[in-house]
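Each remark here refers to the structure printed beneath this line.
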Amino acid sequence: MKNVPTILWLEEIRKEDIISVGGKGASLGEMASIGLPVPRAFVVTAQAFRRFLVETNLEEKIFSSFENLDVEDNEALERAADHAKLLVMTAKMPAVMSDEIKKAYKKMSADNLIVAVRSSATAEDLPDASFAGQQETYLNIKGEVNLLDSIQKCWASLYGARAIYYRAKQGFDDHTVNIAVVIQQLVHSEKAGVMFTSHPITGEPNTIIEGSWGLGEAVVSGSVSPDKYVFDQRTEKVIDTFIANKKIEIIADGDHGTKLVDVSPARQDLQVLSDAEVAKLGMYGKIAENHYGIPQDVEWGIVKGTIYILQSRPITTIGAKKENKSVSGPKGEAKIILKGQGAAPGIASGKVVVIRDVKDVGSVREGDILVTKMTNPDMVPAMRKVAAIITDEGGMTCHAAIVSRELGTPAIVGTKNATNVLRNGQLITVDGEMGLIYEGLLPQAAAPVQGAAPQRLVAQASQIITATSVKVNVSIPEAAARAAATGADGVGLLRIEHLILGLNKTPGWYIANNREDEFVKELHDGIKIVLDAFPGKTVWVRTLDAPTDEFRNMQGGESEPHEHNPMLGWRGIRRDLQSPDQYRMQVEAFKRLWKEGYENLGIMFPMVSHPDQFLGAKEMMRACGVDVEKVDLGIMIEIPSSAIMIEEFCKCGIKFASFGTNDLVQYTLAIDRNNENVADMYQPQHPAVLHLIHNAIQVCRAYNIECSICGQAGSDPKMATWLVEHGITSISANIDAIAKIREAVARTEKRIILEAARSKDAE
Ligand code: PEP
Ligand code: MG
């Protein structure tokens, strides 16, 4: 190993130094080398770490404990990991080394600069051996003692159980794996945001900048609606400025962590960036794009008038769109071992854990790939932890598909036999877009590509105004912030059954045990989270629609009837009308929200087959003390009878109607939506389905009633195009589909206008 110093300053680092400074260090060095204003930083090199191991005589001790280690034996693995970490943490760093680090730290700033300490693993045969979630980062570190301690903690993290496991499985020799540590000035931005150096959808040379007050996290996480600026790189002018009402900001919380605070009313509507700042950011964007040769997604921050570029990475959506579809998946000679329906986009690798019985779900670990027959609400906590989900059964609208999309976790459903073909502990890579499962850990998937995240940024940046509203579907309140970050025009469907199923007690149980208030509170609180994420935008909450079989595993589920065909059974509005107590509890929650001023709350009734059911539900609501003429009540069109009788519904006072194509298709074509054996016959664009939809849209238009769609078909750009051509008022899509639906809608609307103008000219 050549004699690399303990410390390398950012300015000294070049791409070739990746082996010494890791991927993070090299990328920061490269940004600095092309003149981008990167916050000051130095790297404690990988070689310094190795010298530390040698000089403290740890090498032999650590590696001998790894010899003959069976990484499949969890206990032994954890023991070896803990032992190695303890050795690293308790060893005294050689004085020459700590002195050098202290000197460098002092050189950054005389008075204890607050820094971020990030680790980045490297190996001789894979210089950037960083695997997502395995390296530690410590923020807000101040003072020499804390700095040295954090560096040692980063070093120790190289021997975390998960990291050892992955390296063993990838065939890395632990002797050759090192770790570099980046120490960088922490920028406590007064204003910050993101920038797309070119338009993320069209690729035009328009730089789109979003910014808000405080740290960039608020913009990146979508918790605030940021200002938006468009800078034309051709004319070098700001061509569009949109000032948003910025209600909250995220700021540093003392020396530790961050906190979310309200923006004072006086600053809420102030413009965040001056034209000069926009132009300067645009210039940095251009430098980055020219250097990397591909449009970049850049994070920036400003402190006391100084701009900092914090991160730059390629926008994959532009290149990917133009190329062959298979580029979204892992490339190379990878072997496909199984196929299914791609239900939630993204690529991830991990270790298979097959769950045959829900009571075994506790064995699922962070980063595993959950393989099961079909997920159910009891599995949601495990679904949150895993890198990907694979099921034997189900189609695009099954529980696994809906929840995975909202969690942003790649998923493949309907593989028929994943639980037999895949083995516990097997390492695989999942492409949730294409529905393909590959053998082994493919390098492209080392950092899981969460399907929805890039889409969110794309959508945020594009904010195309469309006459047809583009709304979003939500099923679990925790997805509300991600849903709002798409910039959707409202929520076209909030399914409350996922919220209720998560309580693990049936509504009947709450009634039987006199705990109705608890149920009402849970429901109220869950819906409120979504309403709060969409201030001023309509949120249509659907009353309970859970088939009896989904209630069975819950407490109280033993009294659920055994139905021959739950899909056609006691669910939706039919059940509520016959279970006044269950319905009343829901109305009570809605009433509280209306009383609290949530005028944006509308209620949608599911599985309605006759106008009498709508009128019945409305009357029962009135009897509960709701001024039913003042609130928005509408229906789902999921049963052919409601599509056929839509005029009668309009006459009896519905305020809106929304196609639930997931059910409408299955009831029109007699195809079970959850049955993978007939999945290829499940056709949302079947002429009979389109016929029903077309007629219902025309009637709603005649009665001036908002007509929408919230079934999965609304997330298909082709269907969205057809719907806009046929006059739909709004489309509600999945979080991951909003950007492409917005684009399809905008394109179609423009084409319609253009065609109208041309035919007028021709007259
Ligand atoms: C539908 O039927 O299209 C729908 C949106 O409802 P769910 O998927 O919950 O049945
Ligand atoms: Mg339905």
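The values are calculated or read from the model by the stated rules, or taken from the named source; none is laboratory data. Fair warning: this is a prediction, and the values are worked out from it, not measured in the lab. When we count neighbours, we look across all protein chains shown, and the Cβ atoms used for this are built from the backbone with ideal geometry, even at glycine. Please note that ligands, DNA and RNA were not included when accessible areas were found on the heavy atoms of the full protein model with its side chains. Shrake-Rupley method; radii C 1.70, N 1.55, O 1.52, S 1.80 Å.
For the residues ALA762, ALA688, the requirement of being exposed (fewer than 15 other Cβ atoms within 10 Å of the Cβ) and either touching a residue at least 12 places away in the same chain (Cβ under 8 Å) or under 31 Å from the mean Cα position of the chain (by Cα) (or both) singles out ALA688.
Okay, residues lined up against (1) within 16 Å of ligand 2 (Cβ to nearest atom); (2) not hydrophobic (A, V, I, L, M, F, W, C):
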| residue | (1), (2) |
| --- | --- |
| ILE464 | no, no |
| GLY487 | no, yes |
| HIS498 | yes, yes |
| ASN504 | no, yes |
| TYR510 | no, yes |
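The residue pairs whose first member lies in the stretch 493-512 and is more than 16 Å from LEU407 (Cα to Cα), whose second member is acidic (Asp, Glu) and within 15 Å of ligand 1 (Cβ to nearest atom), and whose beta carbons are closer than 8 Å, counting only pairs six or more residues apart or on different chains, are GLU497/ASP545; GLU497/GLU550; LEU501/GLU550.
Of the listed requirements (1) open to solvent by less than 10 Å² (accessible area, probe 1.4 Å); (2) away from ligand 1 (no atom under 16 Å from the Cβ); (3) farther than 25 Å from ARG162 by Cβ, ALA343 misses just one: (2).
From the list LYS92, LYS61, LYS107, the one residue that fits, being at pLDDT 85 or above and assigned to a loop (DSSP other than H, G, I, E, B), is LYS92. Exactly one residue among LEU664, LEU690 is hydrophobic (A, V, I, L, M, F, W, C) and within 16 Å of ligand 2 (Cβ to nearest atom), and that residue is LEU664.
Flag set for SER150, criterion: touching a residue at least 12 places away in the same chain (Cβ under 8 Å) and either open to solvent by 10 Å² or more (accessible area, probe 1.4 Å) or in a helix (DSSP H, G or I) (or both). Exactly one residue among GLY557, GLY634, GLY597 is away from ligand 1 (no atom under 16 Å from the Cβ), over 30 Å from ASP378 (Cα atoms) and either over 36 Å from the mean Cα position of the chain (by Cα) or not basic (Lys, Arg) (or both), and that residue is GLY597.
Inside the stretch 628-640, can you point out the residues that are touching a Phe, Trp or Tyr at 6+ places or on another chain (Cβ under 9 Å), open to solvent by 10 Å² or more (accessible area, probe 1.4 Å) and more than 14 Å from ligand 2 (Cβ to nearest atom)? Within the stretch 628-640, LYS630, VAL631, ASP632 qualify. Going through (1) within 16 Å of ligand 1 (Cβ to nearest atom); (2) open to solvent by 10 Å² or more (accessible area, probe 1.4 Å); (3) under 27 Å from ASN74 (Cβ atoms); (4) of a type outside the set (D, E, K, R) one by one, SER404 falls short only on (2).
Within 16 Å of ligand 2 (Cβ to nearest atom), touching a residue at least 40 places away in the same chain (Cβ under 8 Å) and hydrophobic (A, V, I, L, M, F, W, C), is that true of ILE671? It is false that ILE671 is within 16 Å of ligand 2 (Cβ to nearest atom), touching a residue at least 40 places away in the same chain (Cβ under 8 Å) and hydrophobic (A, V, I, L, M, F, W, C).
Listed by position, the helices (runs of 4 or more DSSP H) contained in the stretch 467-573 that have at least 2 residues being touching a Ser or Thr at 6+ places or on another chain (Cβ under 9 Å) and modelled with pLDDT under 90 are 480-485, 497-501. Taken residue by residue, the stretch 706-727 has no member that is free of Cβ contacts under 8 Å to residues at least 24 places away in the same chain and either open to solvent by 30 Å² or more (accessible area, probe 1.4 Å) or among the hydroxyl-bearing types (Ser, Thr, Tyr) (or both). How many of the residues in the stretch 516-550 are open to solvent by less than 50 Å² (accessible area, probe 1.4 Å) and in contact with an Asp or Glu (Cβ under 7 Å, 6 or more places away or on another chain)? Here the count works out to 6.
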